[in-house]
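The values are calculated or read from the model by the stated rules, or taken from the named source; none is laboratory data. Note that this is a predicted model, so its numbers are computed, not measured. Cβ: placed from backbone, ideal geometry, glycine included. Neighbour counts: every protein chain shown.
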Amino acid sequence: MSSEESTEKKDNEHPDSETIKKMLPLRMTSTVVRGFGRGSTDLGIPTANLDRLAIKVLGGTDHKLTFDDLPCGIYWGFCRIGDNTDTVGDGATVYKTAVSIGYNPTYNNKEKTIEPHLIAPPKDTRRHASSCGETLMGEFYDKPIRLSVVGYLRPELPFEGLEKLVEAIKNDIVNAEQLGDSDSADVMQERTWVASEATES
Ligand code: RBF
Ligand code: MG
């Protein structure tokens with residue numbers, strides 16, 4: 001079997017990176033559900049998992065996209081949790097985010113997840129002291145979440161051991177943080193959409 005015939009390539013959740021880039025940005029709203037809990041316990045890098053049943057995909061070039069169509073991969077973007085009246089979820093703040101969409105091949109999950117890791121700004125006390133700035137924010141369960149997946153970073157990969165997985169994720173966080181600083185009109189527009197209450201794209 002040639003590499004083009006591998007099963008991964010036939011899966012519509014695994015388009016090539018050029019196809020993925022044409023689908024971006026992808027805007028979505030949902031609520032936060034409980035994940036596997038590994039992010040905070042095993043990795044020290046918690047993620048807010050989007051409820052697949054509540055998800056609405058609003059952006060992208062194809063407006064008929066559903067959860068199942070979202071391309072697997074690791075991305076950067078912007079995210080906001082809670083609403084404007086919510087001080088616990090600190091619903092007014094738009095965070096930079098590094099996002100995983102897919103099956104966590106290191107763990108071989110049977111279910112697809114969409115998991116943004118929210119990155120606090122420098123000097124935020126919830127940010128780790130490490131060079132990377134991964135952030136522990138506490139629990140967001142049941143809160144509304146708005147996410148714009150702006151750029152593609154890499155495919156999701158099976159890593160040998162947690163250390164290598166964590167190292168890769170920290171590298172993604174550094175990249176997400178730098179890319180989120182862009183003042184290009186396209187990027188600013190995504191930040192603005194996440195800050196808004198718009199229910200259309
Ligand atoms: N899981 C993987 O198995 N392979 C990956 O390459 C991978 N990359 C990730 C990148 C980011 C930025 C984030 C936030 C998560 C990533 N994960 C990856 C998912 C990780 O395994 C998951 O968040 C934890 O297992 C908690 O469910
Ligand atoms: Mg999680």
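Quick notes
- Positions within segment 80-101 being in a strand (DSSP E or B) and either farther than 17 Å from VAL174 by Cβ or at pLDDT below 75 (or both), in sequence order: ARG80, ILE81, ILE101
- In segment 35-57, the qualifying residues are those that are in a loop (DSSP other than H, G, I, E, B) and under 15 Å from the mean Cα position of the chain (by Cα), and the one that is farthest from ligand 1 (Cβ to nearest atom) is ILE55.
- Qualifying residue in segment 142-151 (condition: surrounded by fewer than 19 Cβ atoms within 10 Å (Cβ to Cβ), at positive phi and at pLDDT below 75): no
- When segment 137-185 is filtered for residues that are within 21 Å of LEU58 (Cβ to Cβ), among the hydrophobic types (A, V, I, L, M, F, W, C) and in a loop (DSSP other than H, G, I, E, B), only PHE140 remains.
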